[in-house]
């Protein structure tokens, strides 16, 4: 009840939230206006659709809504690449809104005030009304809804809600209008029903192309050219650009780092005599105050030293992200223990028993070598981990950091728990291979910290210097030539691959400004200064690749080779299947006995519209099996994953006496799918015919 009271007291705030959240629920996500105009002022346009302006304000508001939704879903800020995707999606929504406005007005659809009021107050109101005004008994609280609607403070808010409800209602009505012209024939309904309910059990021999090594398959230039011509539409490419570019860093200088160190030292002295930790952190830290208990493994490697300090200590710590001035406020024994270990993983080279035994012997050899080293045990273990471990932790000397129960595979975790810190354990077998383990430590302590975080940032002087250097270079590169100026200043010029409008240049974050310039510039043109988060870029347009088909050059040939090899291997296993069929006939048991890899497999009780167990959704396999009658054996055929010979063991036809009871439901499902396909296709068709002017750049 307390929650409901708080909601009632802050109803205006709640309703504003609903206005934003409701954007997610509109059927087409348009946000359309039914007076034919925009929600916003169109003093300056971001573009036009059939002569009708889309204002900058509308565009900015759409970006804000999508950005807010991204933050809520991902609990993080969008990066530059996602920012560009959001901008494009906002633009597409606004274009679609205008097109749908035109279409809906042309057929005269509208919603009356009486209809809207009845819908909101019905037992089946709009979804977001139902979500926010449902009482503790699970029923719509109409009293609270009426209070919110009658409150004069909510008048403007309800105007917005009214508009969006009309949008949803008209959208639904428009879909229903489209649906009136859709028909689902009895033949389609029967086909879907039989595909769902007819069942087959089959035996099959799978001829696996993976049994053929790539090195035994010869691929000629003629093969690559034939494959290219057969699949040429795959290699149709949009217009692309290649750039040369120079990067000027705006990262903090040595002076900036020294200033940050001096500031951290001063904060550490002040913190030692401070008596109000939370206030000190709030006033001085770039990260918020927290009162949480922290365990081993919750902090970075640099900050982990707080666990070795006494309560009340003030530590000044340099981390990768800046300086931390940390006071250890409290220490206690926690309920859960944390563990730290290093390991050397020895993976078997194959799946045979001999391979497993060889891996075990190798692990034992490493253990003996480590034990004989004159170095301290952990140091010797680390060196051998770097040389011999098959795990990604090898570069860190096998260090896995701190972890808690349940984070490692059970045999490994059990060995760490039973081992003593400072000792070597193993070999221990897990699903990954054999592990040699060095137990670094165990700790159940928890700490409370007061952490004053000060990032190392570039000063205004550093940023101005980089900006000046970049602007000077851009000017001189335009006057004297890009390459000449790079050589004169002894700069490092990078060359990009061919990029499209959505590409990210190597070593840079995504930049819509840079890409937009690249697709408007002329070959040889030098850009103005383009500012990124911590870099400044000056680029020259080096070359243009026109829209068309990607040429079959050496680079493309290299990428196609593996696909051609796979095609040839599929042909080879089909040939194997034909030879086996000629030798043994249609007896699958005899075929399976020819070679160990010709294993007889079973796929039980699957439908045509389903998935065959062990095979997956292979349309060729499914189509072949369901053309066979019970007891029949197919001839060898090539599927999507390999070659097959199949025998239908049992086949149960769909019970057509139950079709009448199911036909309306099935027809409704087919209709709904087709309706969405038609509406989406129609919208795309309208876009292709509309006169759309994009002025966003």
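Each reported figure results from applying straightforward, stated rules to the coordinates on display, with no laboratory input. Quantities reported herein were computed from a predicted structural model and do not represent experimental measurements. Cβ atoms come from the backbone with ideal geometry, glycine included; neighbour counts cover every protein chain shown.
Table for the structure above
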item: Burial ordering of 212, 536, fewest other beta-carbon atoms within 10 Å first; result: 212, 536
item: Neighbour-count order for 395, 149, fewest beta carbons within 10 angstrom listed first; result: 395, 149
item: Residue 218/residue 495 FRET efficiency (R0 22 Å; Cβ-Cβ; nearest 0.05); result: 0.05
item: Over the chain: helical MRE at 222 nm, DSSP H runs n ≥ 4 each giving -39500 (n - 2.57), nearest 500; result: -15000 deg cm²/dmol
item: Segment residue 162-residue 543, length gained on full extension (0.36 nm per residue, minus Cα span); result: 131.9 nm
item: Estimated FRET transfer efficiency when R0 is 41 angstrom, pair residue 561-residue 364 (beta carbons, to 0.05); result: 0.50
item: Descending Cα extents along the principal axes, segment 360-459, whole Å; result: 56, 31, 26
item: Gained length - residue 520 relative to residue 80, 0.36 nm times residue gap less alpha-carbon distance; result: 156.3 nm
item: Fully extended contour minus Cα-Cα distance, from residue 235 to residue 300, at 0.36 nm per residue; result: 18.8 nm
item: Label-point gap, in nm, between residue 183 and residue 696 - each point 7 angstrom along Cα→Cβ; result: 4.2 nm
item: Point-to-point label distance, residue 444-residue 102, nm (Cα→Cβ direction, 7 Å offset); result: 7.2 nm
item: Segment 389-445 and segment 487-520: distance between their alpha carbon centers, rounded to Å; result: 44 Å
item: Simple label model, 7 Å out from Cα along Cβ direction - residue 73 to residue 676, nm; result: 1.5 nm
item: Dimensions (Å) - the chain, Cα atoms, principal axes, largest first; result: 87, 82, 73
item: Gyration tensor (alpha-carbon) shape descriptor, segment 252-457, a/c threshold 1.5; result: prolate
item: Theoretical FRET efficiency, 1/(1+(r/R0)^6), r = Cβ-Cβ of residue 418 and residue 291, R0 35 Å, to 0.05; result: 0.50
